[in-house]
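Reviewing the structure listed below.
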Amino acid sequence: MSAKTEEVVYRGVRWRRSASGRAVWYNEGLGRWVTWHEGADAPPVPEGWAAVVAPAGRTGEPAGARAGDAMSNRLPLRSPFRMVPIVIFLAIIGISLYQALKPPSQATRADISAAMALQGRCLARGGGSAAAPVYSSTPVACSDPTAAVRVVSVVKTTAKVASCPRGSEPAFVVKATVLGEPFECLAKLKPRR
């Protein structure tokens, strides 16, 4: 160490200051000397060093007036990754708007023919509640004990008369959320004894 370098231990941290005012402190975690500069994460500067170490001329502030306030002097985040949360948020909003505003899918010929093929067949109950039962789209034999309803008729939504015969209830069995999907008129089977 030269005669122009001053070394002190302040609050358990070793500090060195050159004659030009450059200060370094020993970081035991890194095992090396670290140059101190204003706004850096560092221990407090030894008393009396702040005026020499910190640059002067900051809008009327005396030299080193804010040397101990490293967080207020920290530079703003300049990483491009700060935009990632904003991009993710905008992507979620965009996908939500697309799903909410897109038109419903159209029934294909295969969907319509699958619905029409159910006419006169029986269906088993596939879940739901007593108020809103769900029926399987796979037909079963009407003599099967699992058969719950019979498809009396299938009505295309494009038909002029779109109602079910008396004693039956309308239901979508194949695809309920598809535009143009025919609905089935279901009549409950009498329970077997």
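The values are calculated or read from the model by the stated rules, or taken from the named source; none is laboratory data. Quantities reported herein were computed from a predicted structural model and do not represent experimental measurements. Note: ideal-geometry Cβ built from the backbone for every residue, glycine included; neighbour counts use all protein chains shown.
Ala114 passes all but one of (1) assigned by TED's automatic domain parsing to the domain that holds Ser153; (2) in a helix (DSSP H, G or I); (3) surrounded by fewer than 13 Cβ atoms within 10 Å (Cβ to Cβ); (4) of a type in the set (A, V, I, L, M, F, W, C); which number fails?
Here Ala114 meets the rest and fails (3).
For every residue, the table says whether it meets (1) surrounded by 10 or more Cβ atoms within 10 Å (Cβ to Cβ); (2) modelled with pLDDT under 75; (3) assigned to a helix (DSSP H, G or I).
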{"site": "Ala70", "(1), (2), (3)": "yes, yes, no"}
{"site": "Leu75", "(1), (2), (3)": "no, yes, no"}
{"site": "Arg78", "(1), (2), (3)": "no, yes, no"}
{"site": "Ala91", "(1), (2), (3)": "yes, no, yes"}
{"site": "Gly94", "(1), (2), (3)": "yes, no, yes"}
{"site": "Pro104", "(1), (2), (3)": "yes, yes, no"}
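Restricting the first residue to segment 160-174 and requiring it to be modelled with pLDDT under 80 and aromatic (Phe, Trp, Tyr), which pairs with a second residue that is surrounded by 12 or more Cβ atoms within 10 Å (Cβ to Cβ) and not in a loop (DSSP other than H, G, I, E, B) meet a Cβ separation below 9 Å and a spacing of at least six or different chains?
The qualifying pairs are Phe172/Ala115; Phe172/Phe183; Phe172/Glu184.
Identify, please: which residue in segment 117-137 is small (Gly, Ala, Ser) and either touching a Gly at 6+ places or on another chain (Cβ under 9 Å) or not assigned by TED's automatic domain parsing to the domain that holds Ser153 (or both) and is, among those, farthest from Phe183 (Cα to Cα)? Break it down stepwise before answering.
If we filter segment 117-137 for residues that are small (Gly, Ala, Ser), which is where we start, we get 117, 120, 124, 126-132, 136-137.
With either touching a Gly at 6+ places or on another chain (Cβ under 9 Å) or not assigned by TED's automatic domain parsing to the domain that holds Ser153 (or both) added as a condition, the list becomes 136-137.
On the way: Ser136: 14, Ser137: 12 Å.
The qualifying residue farthest from Phe183 (Cα to Cα) is Ser136.
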